[in-house]
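Engineer: Below you will find the structure I want to go over with you.
The values are calculated or read from the model by the stated rules, or taken from the named source; none is laboratory data. Bear in mind the structure is a predicted one, so any value in this text is a computation, not a measurement. For neighbour counting, all protein chains shown are included, and Cβ atoms are generated from backbone atoms with ideal geometry for every residue, glycine included. Side chains included, ligands, DNA and RNA excluded: accessible areas come from the protein's heavy atoms. Shrake-Rupley method; radii C 1.70, N 1.55, O 1.52, S 1.80 Å.
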Amino acid sequence: MPSASTGAPTTVGALSSPSPEPTSSRLAPGVPGYRRMSFALFSAGVATFALLYSTQALLPALSGDFGVTASAASWTVSAATGALALCVLPLSALSERFGRVRLMTVSLVVATALGLLVPFAPGPEWLVALRAVQGAALAGIPASAMAYLAEEVRPKALIAAIGLFVAGNSIGGMSGRIVTGWVAQLWGWRAALAAVGLMAVVCTVAFRLLLPKARNFTPGSLNPSALARTVRGHLSDPLLMRLYGIGALFMTVFGAVYTVIGYRLVDAPFGLPQGVVGSVFLVYLVGTVSSAAAGRLVGRLGRRGALYLAVGTTAAGLLLSLADSLTAVLLGLVLITAGFFAGHAVASSSVSRTATTGRAQASALYQSAYYLGSSVGGTLGAVAFHSGGWAGTVLLGLLAVLGVVSITLYGSYAARVRERRPMLSAAAVRH
């Protein structure tokens, strides 16, 4: 996708366009500190997704214990992702003032502490409330991490670095669900959530010990009016708006599928136990590979080509999952996961490259759209499953995929129109 200006004004301090840093001051493969940075943000990604989606594999158990429907239980996931979507923008503004590293550290510590409290929720209302606060705490990580990478990593290595962070998300989502599935089968869902909390403690410590000090961050003062102007500038940029829409729609598919898949697998004709259902999330490893490979895909196919491939893979997985065969369902999940993580890595890295000012706010808006898609997808996916079974959830996913295709096709059309205008103007001058 072609780069575009955000249209945001250049301001002083926190929201100003960063001064060009010497290439030698940035990290890249082979440069000291790059590997530590990669492992640190990988650990942050693991903790973020493990905590954020800690109840997703447990929804059938929560429904049984509390006596609530699938759509009601899904709020333990949607509340967390929805709160994150609402809080990521204001917290990204704080990162401009207090630093990316500091905000990510505070966010991880608070979210992990809440993760140790969540298992003691006395009822579904308390569980949803605690999960919402936890999601708000986690909001400080995604946009700050993207801004940190945009400032500290050389441009040519940026997609690969973001891919590794997204890969950490996939590992966190996978390991959290597998751990909760087996622990819940042995000792119940409360012990399962406690196990995820302990895992997050380890990841938080690793993050803080490994992450290199930011070398290219310049703190600024908080300026609400400047923030509002920067946000308006980003929201008036057609390319950024398309990327936000793509992120939201991809996550709608993913949120719907993984919120409901546990219910499908414990019901007939599969009847799988909770531990085995949790192990199904091993397919997240495919997301680790596809997100890390996003940079190579873009190099070969271009950004639009990589998005079309991601869309086609996701749609094929949705259709394949309709079969009443466990092998077909698992292969469908593999394709859905690969397509989603590749598409997310391409779209999120495109936001970081497109925004020329207010990078943290640009990334925050993407994360808001992304997690809003997760919240909407989880809730609507459960409603669709309640109304029409798995076919209803698949239909919802296909409609979201169609939306991604429409946005990408429109972007291609708009690019061609922009390319023709100079030629038409030149032709008019000659005649």
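Engineer: For Ser368, are the conditions met, namely being buried (at least 24 other Cβ atoms within 10 Å of the Cβ), assigned to a helix (DSSP H, G or I), within 13 Å of the chain's Cα centre (by Cα) and hydroxyl-bearing (Ser, Thr, Tyr)? Please lay out each step first, then the result.
Structural biologist: On the way: buried (at least 24 other Cβ atoms within 10 Å of the Cβ): no; assigned to a helix (DSSP H, G or I): yes; within 13 Å of the chain's Cα centre (by Cα): yes; hydroxyl-bearing (Ser, Thr, Tyr): yes.
No; evaluated as a whole, the condition is false for this residue.
Engineer: Starting from residues that are more than 30 Å from Arg208 (Cβ to Cβ) and open to solvent by less than 10 Å² (accessible area, probe 1.4 Å), keep the ones in the stretch 31-77 and report whichever is farthest from the chain's Cα centre (by Cα).
Structural biologist: Leu62
Engineer: I need every pair where a residue in the stretch 365-381 that is among the basic types (Lys, Arg) has its Cβ under 9 Å from the Cβ of a residue that is open to solvent by 20 Å² or more (accessible area, probe 1.4 Å), sequence separation at least 6 or different chains.
Structural biologist: none
One line per residue, one yes/no per condition, for (1) touching an Asp or Glu at 6+ places or on another chain (Cβ under 9 Å); (2) at pLDDT below 95:
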residue	(1), (2)
Ser321	no, no
Asp324	no, yes
Arg359	yes, yes
Ser363	no, yes
Tyr370	no, yes
Gly378	no, yes
Thr408	no, yes
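Engineer: While we're looking at this one, here's another question. What is the residue count in the stretch 308-344 for residues that are under 23 Å from Met174 (Cα atoms) and touching a residue at least 40 places away in the same chain (Cβ under 8 Å)?
Structural biologist: Adding up the residues that qualify gives 22.
Engineer: While we're looking at this one, here's another question. In the stretch 411-418, is there at least one residue being surrounded by 22 or more Cβ atoms within 10 Å (Cβ to Cβ) and hydroxyl-bearing (Ser, Thr, Tyr)?
Structural biologist: no
Engineer: Return the total of residues in the stretch 195-228 being at pLDDT 85 or above and open to solvent by 90 Å² or more (accessible area, probe 1.4 Å).
Structural biologist: Result for the stretch 195-228: 5.
One line per residue, one yes/no per condition, for (1) part of a helix (DSSP H, G or I); (2) modelled with pLDDT of 85 or more; (3) buried (at least 20 other Cβ atoms within 10 Å of the Cβ):
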site	(1), (2), (3)
Leu108	yes, yes, yes
Ala111	yes, yes, yes
Leu116	yes, yes, no
Gly135	yes, yes, yes
Met146	yes, no, yes
Ala150	yes, no, yes
Ile159	yes, no, yes
Ala167	yes, no, yes
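Engineer: Within the stretch 259-326, considering only helices (runs of 4 or more DSSP H) that don't extend past its boundaries, which have at least 2 residues that are open to solvent by 40 Å² or more (accessible area, probe 1.4 Å) and farther than 14 Å from Phe341 by Cα?
Structural biologist: Values: elements: 274-279, 284-292, 294-320.
Qualifying helices (runs of 4 or more DSSP H): 294-320.
Engineer: For the stretch 345-364, indicate whether the set of residues that are within 21 Å of Phe281 (Cβ to Cβ), in contact (Cβ under 8 Å) with a residue 60 or more places away in the chain and crowded, with 24+ Cβ neighbours inside 10 Å is non-empty.
Structural biologist: Within the stretch 345-364, one or more residues are within 21 Å of Phe281 (Cβ to Cβ), in contact (Cβ under 8 Å) with a residue 60 or more places away in the chain and crowded, with 24+ Cβ neighbours inside 10 Å.
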